[in-house]
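Take a look at the structure below.
The values are calculated or read from the model by the stated rules, or taken from the named source; none is laboratory data. Computed from a prediction, not measured in an experiment: that's the story for all the values here. When we count neighbours, we look across all protein chains shown, and the Cβ atoms used for this are built from the backbone with ideal geometry, even at glycine. The protein model used for the area step is the full one, side chains on, heavy atoms only, and it has no ligands, DNA or RNA in it. Shrake-Rupley method; radii C 1.70, N 1.55, O 1.52, S 1.80 Å.
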Amino acid sequence: MPERAIIMKDQFPAWTQQWLDVLLPAGQIVLILIAAWALRAMGRHLIKRVSQRYNLLPQVAVGGRRLLGFLVSFGALLLILERFGVSGTILWTAFTGFAAVGAVAFFAAWSVLSNIFCTALILTTRPFRLNDHIELLENGEKPGLKGQVVDINLIYTTLQECIDGKSSSVLQVPNNLFFQRTVRRHLPARGGANPTAIHTQPQTIAPYPGVLAGPAEQNSNRRYGLPDA
């Protein structure tokens, strides 16, 4: 086919040779665009008829049209670049390699990107604010992370724990965790008490077994060799 095109090109006058080098690729590009437009129109019409006949969901029809448009446009782009001397194999190899690297990078940075996106949602929807006392519930039986919100950055929300009225430690909670669990927001208590404070029970020392406190009981303790209370 290229040899026939060269022979036909030699039959034209010499002054048209320069214009043919421009007009032939331009005509081929125009034909490719027209064929792509016609193929896309036919495909959209076919998808519409199929969706109406089989009563498909509108989302299925929209997804089919978008997929068809992408495939036709990508094929037309490869053919057009081939007219300019670019190899389609090289383009396809470069595209698949770039897509693979992009997919790996996307999954590697997914946790960071999700935290940044959740930070924007926290700042806009305002499920809690600074200085609020919140708790992340694990389930109905197990207590979760709780504390006072002291800082919100792009990745973490810092919760300050309080044990027996004293600040003990801070928790760095990823922001995407707030959209995976139930968040309990404590209302301010009367008297300014910390609603998320952890109170420990005072330890009581059990009395020595058998030790009695009264005078008569102390005589019994001495009789059996037990210490006085």
**Study point:** Condition check for L68: open to solvent by less than 50 Å² (accessible area, probe 1.4 Å), at pLDDT 85 or above and not charged (D, E, K, R)
**Key:** yes
Exercise for review: Tell me which residues, restricted to the range 115-129, are open to solvent by less than 60 Å² (accessible area, probe 1.4 Å) and among the aliphatic types (A, V, I, L, M).
Suggested key: A120, L121, I122
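So that you can scan it fast, the table gives a plain yes or no per residue for (1) within 16 Å of R185 (Cβ to Cβ); (2) touching a residue at least 24 places away in the same chain (Cβ under 8 Å); (3) surrounded by 14 or more Cβ atoms within 10 Å (Cβ to Cβ); (4) in contact with a Gly (Cβ under 9 Å, 6 or more places away or on another chain):
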| residue | (1), (2), (3), (4) |
| --- | --- |
| L113 | no, no, no, no |
| N131 | yes, no, no, no |
| E135 | yes, yes, yes, yes |
| L145 | yes, yes, yes, no |
| Q148 | yes, yes, yes, no |
Point to revise | T158, sole failed condition from (1) open to solvent by less than 40 Å² (accessible area, probe 1.4 Å); (2) outside any loop (DSSP other than H, G, I, E, B); (3) out of contact with any Asp or Glu (no Cβ under 6 Å at 6 or more places or on another chain); (4) not charged (D, E, K, R) | key: (3)
Exercise for review: Go through (1) open to solvent by less than 100 Å² (accessible area, probe 1.4 Å); (2) at pLDDT 85 or above; (3) touching a helix residue (DSSP H, G or I) at 6+ places or on another chain (Cβ under 9 Å); (4) among the hydrophobic types (A, V, I, L, M, F, W, C) and name the single condition W37 misses.
Suggested key: (1)
Review point. Do any helices (runs of 4 or more DSSP H) lying entirely in the range 35-147 carry at least 1 residues that are farther than 17 Å from N175 by Cβ and under 24 Å from the mean Cα position of the chain (by Cα), and which ones are they?
Key: 58-83, 88-108
Practice item. Return yes or no: is L177 outside any strand (DSSP E or B), open to solvent by 40 Å² or more (accessible area, probe 1.4 Å) and either of a type outside the set (D, E) or in contact with a strand residue (DSSP E or B) (Cβ under 9 Å, 6 or more places away or on another chain) (or both)? Key: no
